[in-house]
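Data first, discussion second: the structure below is written as structure tokens.
The values are calculated or read from the model by the stated rules, or taken from the named source; none is laboratory data. What you see is a predicted model; the values in this text were computed from it and never measured. Every residue, glycine as well, gets a Cβ built from its backbone with ideal geometry; the counts of neighbours run over all protein chains shown. Note: accessible area is taken over every heavy atom of the protein model, side chains too, but ligands, DNA and RNA are not part of it. Shrake-Rupley method; radii C 1.70, N 1.55, O 1.52, S 1.80 Å.
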Amino acid sequence: MGGRGKDDYDVSAPVDARQAITDLLFSYAWHFDRNEPELVAALFTEDASLDYGPEWDPIRGRAAVVPRISQGLEEIFEATSHHISNVMITLESDDEASGRAYVYAWHRYRDGSPDGHLWAQYHSRFLRTAEGWRISELILRAAGTQDFHRATMHPIGRRD
Amino acid sequence: MGGRGKDDYDVSAPVDARQAITDLLFSYAWHFDRNEPELVAALFTEDASLDYGPEWDPIRGRAAVVPRISQGLEEIFEATSHHISNVMITLESDDEASGRAYVYAWHRYRDGSPDGHLWAQYHSRFLRTAEGWRISELILRAAGTQDFHRATMHPIGRRD
Amino acid sequence: MGGRGKDDYDVSAPVDARQAITDLLFSYAWHFDRNEPELVAALFTEDASLDYGPEWDPIRGRAAVVPRISQGLEEIFEATSHHISNVMITLESDDEASGRAYVYAWHRYRDGSPDGHLWAQYHSRFLRTAEGWRISELILRAAGTQDFHRATMHPIGRRD
């Protein structure tokens, strides 16, 4: 990635952008696991799209995030832990990026069902807004689940 | 990392600090899982505090680390694996930082008990000492456990 | 992160190398989990060595990767998910690096056996080739397994 000229004030910009975008994903897990839906919502752009799977209509717009996720956070889960790894970010321009990350998510249910496990990926897009980097699209794709509260998920696209 | 001009010694410092601090957490897992308590201890400041939960008094000072953790490493665990992710570091000054990271820890017991699982977070503080960055405070907070050898843990602070 | 001098075009080079090497590991997981053995193979040097454990002869050379891993990907696994964390990279020169990383790998079997779990480490070496950074050596070392399809693994080297 050499060949930079002398005016390389941009050099660390990709590092900063990667850091900011990675922090968005980690903040998503953090606030979700702490049951802070309004702080989850604040990580998204105003017109963001969130697609958690074929059983749900996608969530459209930041304002729709809280009503859609707060019920699960309050009523279904006693505890969750979203372990995000394999973060792969592609900077497409100064203001746009796409990302793929892995998540291993553990869920404890209020109703005493066996703990649910999810081995999955977040496929996402990011925009730099006046507020800073935000998530503009999040699609959850699952490699597999065990004792999970949802029966069908978007696939990761494994070749048959 | 050669070839730097004389005025740029600050440029990579934040990146280097993040890297050094992240390496401390990964080295903690590495040496713990290899049953090397004295190398775990060396990652901490002389007066560090380690709080693994309400069932134990916090460990006070680097010199107390080895006697406190070596028994478990020797007698309780046949094997462990600490998978650290979601590393979020805040640089507070050139010499101080705080961090939050997730850990999914797997434990195999010498007595044949079912494997123990821990979904948790490390809440920590770091200081840059004459020896380099070291951990000055580590608090383990658990989202949940399964078949774990300890009954109560510090909570992550999930909103009720 | 301002205050840069004009000669600092080397500053981010180590960051770029770490990023490129980390991406190799994440791409390995990505293509493995998508059942794309030829894209897994492309991450390795022409004369790379892959050692998955004492039950297999090591794979020698990029050309041998596809025939050796494609059978498992096709016939044994219905799905897999390789969650890579604790990535520790040592840059040994401009063109050589070594790395250690953790992996928690989940496996669903075609024959309906219980899901296999692997808590392990990749010990690896990397070379910068004309094509960019590639993996020249990969050794899988396991802390432990549960319901896994292989009985013996290289150990992580835990002290007795």
Open item on the list: Counting only chymotrypsin sites (Phe, Trp or Tyr not before Pro) that sit in a DSSP loop (anything but H, G, I, E, B) with at most 12 other Cβ atoms within 10 Å, what is the longest stretch of chain A containing none of them?
Closed with: A:57-160
- [ ] Could you work out, residue by residue across A:67-78, how many beta carbons of other chains sit within 10 Å of that residue's beta carbon, and then give the average as an integer?
- [x] 1
TODO: Find the all-direction average of the projected area of the Cα convex hull for chain A, expressing the result in square nanometres with one decimal place.
DONE: 10.8
- [ ] Quote the relative contact order of the stretch A:66-160 in percent (integer), defining contacts as alpha-carbon pairs under 8 Å separated by 6+ residues.
- [x] 21
Open item on the list: Averaged across A:110-117, how many Cβ atoms of other chains sit within 10 Å of each residue's Cβ atom?
Closed with: 1
Task: DSSP-loop trypsin sites (Lys or Arg not before Pro) across the stretch A:69-131, with at most 13 other Cβ within 10 angstrom - done: A:R110
Open item on the list: Using a 1.4 Å probe and counting only protein heavy atoms, how much accessible surface gets buried when A and C come together, both sides summed, in Å² to the nearest 100?
Closed with: 2800
Task: Label spacing, shortest first and in nm, from C:E38 to its equivalents in the remaining copies (7 angstrom along Cα→Cβ) - done: 5.4, 5.4
Task: Rounded to whole Å, sorted largest first: equivalent-ellipsoid semi-axes of the protein assembly as shown, Cα gyration tensor - done: 30, 28, 28
Open item on the list: Normalised radius of gyration for the stretch C:61-127, please: alpha carbon Rg relative to 2.2 N^0.38 Å, two decimal places.
Closed with: 1.39
Open item on the list: What translational diffusion coefficient, to the nearest whole µm²/s, does the stretch C:85-160 have by Stokes-Einstein, given a Kirkwood radius computed over alpha-carbon pairs, a temperature of 4 °C and 1.567 mPa s viscosity?
Closed with: 92
- [ ] Can you list the distances in nanometres, one decimal and ascending, from the A:Y109 label point to the identical position in each other copy, with the point 7 Å along Cα to Cβ?
- [x] 2.6, 2.6
Task: Nearest 10 degrees, 0 to 90: helix C:13-33 Cα axis against chain C principal axis - done: 20
- [ ] Find the relative contact order for the stretch A:1-149 and round it to a whole percent, using C-alpha pairs within less than 8 Å whose residues are 6+ positions apart.
- [x] 21
